[in-house]
Amino acid sequence: MLDVPRDEARRMSSEPVAASPPLELDVSGLGEVEATHEPGTGQGRYGASRWYPGWTMLGVAGALQYMSAPGQSYSVAAFKDPMREGLSVSETDFSLAYAVATVLSAVLLPYVGRVVDAVGARKTLPFIAAGLGVGCLYMSSITSLTGLYLAFCIVRSLGQGALSLISVWLVGEWFEKKRGMATAVAGLGGGLSVMTVPILNNWLITRYGWDTAWVVLSLSVWGVLIVPSLLMIRDRPEDIGLKPDGFEDPEEDLNQSVKKADDSDIEDSPRPLIAPTGESWTVSEVLRDATFWKLLAVPATAGLVGTGLVFHQVALMETHGLDSYEALGLMTIQAGFATLMTFPIGWLTDRVESRFILFFAMLCLSGASLLVMTLPFSWMAIVYALLLGLHGSILRSTGNVVWINFYGRNHQGAVRGVAWSAMILASALGPLPLAVSIDYFESYMPALCLFIALPIAAAVAVSTARAPNREARAEALQGK
């Protein structure tokens, strides 16, 4: 909560004003708004309302994550078999079309991030939402493999890529001190999407057919995203005279509560770094910073190993005596636990250095790989699902926040776009190691050994990721 200094309080109380004293508002720890009253007006600087618009942006961000479903794997999975049969394409052709679209999405993300940084979410979102709706509508009418390639490229690039990027961009702009918790709240939209959209898709496909299901998705995207985005979205709090978290004077608050990136004792601080907006890094600067590559090891490893485990989960669990129903049920446990851990992880993200939390996420991923390789008892498959769920929850909260916290707001879309691009490219390769392992060695063991080792290596790398320091880096380069 924002406390008014005693000297200031005495001064304010001694001055004759027509308005009431300053009001303090603390809503659920997501941000504090100081409604400063203007003398003689009887209204605060924000008007009569106490509502901080950042909370509205938080709702929009959650809706974006939910409606990104048409381009997400968990949604497309329900269409795979019906569409393969309807289009008469092989599983290899279907999977290859999906992989090509995934690679294209990864390549485009850095450019999407640059556009959002330059013109904002309010102008870009209507076009992206309209394009995603068109992609879904086109998907409902395809009759050939070529059409499948084109449709997948549209929905993957705009749904799984662009919409998700805009969601976390909005949260990063409107929240600063409580960015971790805010990101976690917005992430609930993604969690709810995982738990509900596949069921809805399956019902629509069973009752009306896969083509009609894609039409419903198209209309849903248009209805939920286009008009509301034009009416409700504001790109940055500064655009309407506010500041992140609702602070009237963020610089003073930031100086008191958050250490600057060049403070001498930043490495000894247990609290997370939040880079001031004026110290934002460009993409070219970030790519030359060693800390970036250490951080990047986490999403890249998560994309490769996590996707591989989930993609082959049924086959992996069948080697330990679990049937397909039980193996798929583990995904529900995983998604549910990830959603349950959303708020605790968001709370930690605002209070603990990101590298420590990401280190723990990699240990969870390595432990899950070890469990699926050995699985001494069938009931431990639940532990495997819980570890993957906890790992995923950390990646959706801390893994999203770390980029803007380390490298600032001004270029957050472009920086995050590069990071997500690497993660998506890694996820496109994720199923390959286990497939090669079973085909050539008739066992999953070689690939699982790799899946155990890679997260440990990433954990070691991220544990050494210190706060980026532009001045120290420049001095080091001059010394060479």
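Of all the helices (runs of 4 or more DSSP H) wholly in region 308-362, which have at least 2 residues that are without any contact (Cβ under 8 Å) to a residue 12 or more places away in the chain and assigned by TED's automatic domain parsing to the domain that holds Gly392?
It comes to 324-340.
Surrounded by 17 or more Cβ atoms within 10 Å (Cβ to Cβ), over 19 Å from Ile233 (Cα atoms) and among the polar types (S, T, N, Q): does that describe Ser105?
On the way: surrounded by 17 or more Cβ atoms within 10 Å (Cβ to Cβ): yes; over 19 Å from Ile233 (Cα atoms): yes; among the polar types (S, T, N, Q): yes.
Criteria met by Ser105.
Considering only residues that are under 20 Å from the mean Cα position of the chain (by Cα) and of a type in the set (A, V, I, L, M, F, W, C), which ones fall in region 110-153?
If the condition is that a residue be under 20 Å from the mean Cα position of the chain (by Cα) and of a type in the set (A, V, I, L, M, F, W, C), then Val112, Val115, Val116, Ala121, Leu125, Ile128, Ala129, Leu132 are the ones that fit.
Checking Val221 against (1) out of contact with any Leu (no Cβ under 6 Å at 6 or more places or on another chain); (2) within 30 Å of Val418 (Cα to Cα), which test does it fail?
Failing condition for Val221: (1).
Answer yes if at least one residue in region 71-94 is surrounded by fewer than 20 Cβ atoms within 10 Å (Cβ to Cβ), outside the structural domain of Leu425 (by TED's automatic domain parsing), on the phi > 0 side of the Ramachandran plot and of a type outside the set (A, V, I, L, M, F, W, C), and no otherwise.
Within region 71-94, one or more residues are surrounded by fewer than 20 Cβ atoms within 10 Å (Cβ to Cβ), outside the structural domain of Leu425 (by TED's automatic domain parsing), on the phi > 0 side of the Ramachandran plot and of a type outside the set (A, V, I, L, M, F, W, C).
Does Ala300 qualify as being crowded, with 16+ Cβ neighbours inside 10 Å, touching a Lys or Arg at 6+ places or on another chain (Cβ under 9 Å), small (Gly, Ala, Ser) and assigned by TED's automatic domain parsing to the domain that holds Trp420?
On the way: crowded, with 16+ Cβ neighbours inside 10 Å: yes; touching a Lys or Arg at 6+ places or on another chain (Cβ under 9 Å): no; small (Gly, Ala, Ser): yes; assigned by TED's automatic domain parsing to the domain that holds Trp420: yes.
So Ala300 fails the test.
Take the residues in region 314-359 that are closer than 25 Å to Ala182 by Cα and small (Gly, Ala, Ser); name whichever of them is modelled with the lowest pLDDT.
Filtering first and then ranking leaves Ala335.
Taking the stated definitions as given, is Thr124 in contact (Cβ under 8 Å) with a residue 40 or more places away in the chain and buried (at least 24 other Cβ atoms within 10 Å of the Cβ)?
When the stated conditions are applied, Thr124 does not pass them.
Among the residues that make up region 214-235, is at least one of them in contact with an Asp or Glu (Cβ under 8 Å, 6 or more places away or on another chain), closer than 16 Å to Val60 by Cβ and not assigned by TED's automatic domain parsing to the domain that holds Gly329?
Yes: region 214-235 contains one or more residues that are in contact with an Asp or Glu (Cβ under 8 Å, 6 or more places away or on another chain), closer than 16 Å to Val60 by Cβ and not assigned by TED's automatic domain parsing to the domain that holds Gly329.
All but one of (1) surrounded by fewer than 17 Cβ atoms within 10 Å (Cβ to Cβ); (2) under 24 Å from Gly399 (Cα atoms); (3) without any contact (Cβ under 8 Å) to a residue 60 or more places away in the chain hold for Ala162; which doesn't?
(1)
So which residues in region 436-469 are of a type in the set (Phe, Trp, Tyr) and within 20 Å of Gln313 (Cβ to Cβ), if there are any at all? Break it down into steps so the answer makes sense when it comes.
The first filter runs over region 436-469 and keeps only residues of a type in the set (Phe, Trp, Tyr), leaving 440-441, 444, 451.
Passing the criteria: Phe441, Tyr444, Phe451.
From the list Thr339, Thr332, exactly one residue is more than 27 Å from Ala414 (Cα to Cα), surrounded by fewer than 16 Cβ atoms within 10 Å (Cβ to Cβ) and β-branched (Val, Ile, Thr). Which is it?
Thr332
Hey, among the residues in region 210-244 that are part of a loop (DSSP other than H, G, I, E, B) and touching a residue at least 24 places away in the same chain (Cβ under 8 Å), which one's nearest to Arg84 (Cα to Cα)?
By that ranking, first place goes to Ile233.
The values are calculated or read from the model by the stated rules, or taken from the named source; none is laboratory data. Here the structure is a predicted model, which is why all the values come from computation and not from measurement. Here the Cβ is made from the backbone with ideal geometry for all residues, glycine too, and neighbour counts use every protein chain on show.
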